[in-house]
1. Restricting to segment 6-59, give me the number of residues that are more than 18 Å from G77 (Cα to Cα) and either among the β-branched types (V, I, T) or modelled with pLDDT of 80 or more (or both).
2. Among all residue pairs at least 6 apart or on different chains, which show Cβ distances below 9 Å where the first residue, located in segment 12-29, is part of a loop (DSSP other than H, G, I, E, B) and the second is of a type in the set (D, E)?
3. Kindly check whether there is at least one residue in segment 47-56 that is in a helix (DSSP H, G or I) and touching a residue at least 40 places away in the same chain (Cβ under 8 Å).
4. Evaluate segment 64-73: report whether one residue or more is in a helix (DSSP H, G or I), closer than 17 Å to V131 by Cα and free of Cβ contacts under 8 Å to residues at least 12 places away in the same chain.
5. For segment 89-134, which positions are at pLDDT below 90, small (G, A, S) and within 25 Å of V36 (Cα to Cα)?
6. Got at least one residue in segment 135-150 being assigned to a helix (DSSP H, G or I) and modelled with pLDDT of 90 or more?
7. Being of a type outside the set (D, E), touching a residue at least 60 places away in the same chain (Cβ under 8 Å) and either surrounded by 13 or more Cβ atoms within 10 Å (Cβ to Cβ) or not in a helix (DSSP H, G or I) (or both) narrows it down to one residue among V37, V97; which is it?
Amino acid sequence: MARGYARGRAKDEEARAALVPLAPGERPTAVTVAFVVALVAFFANLVALILNFGDGNGRQSTSTIVGCVLLAVMAAGMWRARYWAVLGMQALLAISVLLASLALVTAQGAGTAAFALAIVIGGGTLFWFLVKAMARIQMPERPGGAVAPPSDGAARRLPRPGRVVSPAMAESKYDCIVIGSGPGGYVAAIRA
């Protein structure tokens, strides 16, 4: 069993090493496709709302408006390659694939079955590609990080772009730093 875990860890490390961080302004292709899907769904819901598709129930109109707002916010976030927007789109895709799978089981005609199958295949494929894109979006720097030799000869990590580093921290020496919260971090800080 330990050999299986070691093999899995080796594959994980290999996959992480192959990841390339996003360049400034870069957007993965899967995120662009998800942006287009969210935008199309937004406009489809907006047209349905304007043309008053449905039974005219006010509650249905409210849910359509909420759906339009969520789709618009997700699309704007994905355009800027934000992690939370991609995660929201993945949640929407997972729900859509689940509902389409249930519709596929209960489909009464070939057209309905084909439509449900198209949603399952398309949504599942986009979901899978978004998982890979999310790994690149949340990756602040290359694994291992960039290391710069300072003037005193000791190697230190370079800060991530846009991160503010206090000059006092760069010159201070610490024996121990506790990172964490809750009962474990509190106890560790006291005992350190």
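1. Residues meeting the conditions: 17.
2. Sorted first by the residue in segment 12-29, then by its partner, the pairs are P21/E141.
3. no
4. So in segment 64-73, the residues in a helix (DSSP H, G or I) come out as 64-73.
Applying the additional criterion that residues be closer than 17 Å to V131 by Cα yields none.
For segment 64-73, residues in a helix (DSSP H, G or I), closer than 17 Å to V131 by Cα and free of Cβ contacts under 8 Å to residues at least 12 places away in the same chain: absent.
5. Hit for segment 89-134 is A133, nothing else.
6. no
7. V37
A quick yes/no check of all residues on (1) of a type in the set (V, I, T); (2) exposed (fewer than 12 other Cβ atoms within 10 Å of the Cβ); (3) at pLDDT 90 or above:
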| site | (1), (2), (3) |
| --- | --- |
| L87 | no, no, yes |
| G162 | no, yes, no |
| S172 | no, yes, no |
| G185 | no, no, no |
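The values are calculated or read from the model by the stated rules, or taken from the named source; none is laboratory data. The model shown is predicted, which means the values in this text are computed figures rather than measured ones. Glycine also receives a Cβ, built like all others from the backbone with ideal geometry; neighbour counts cover every protein chain displayed.
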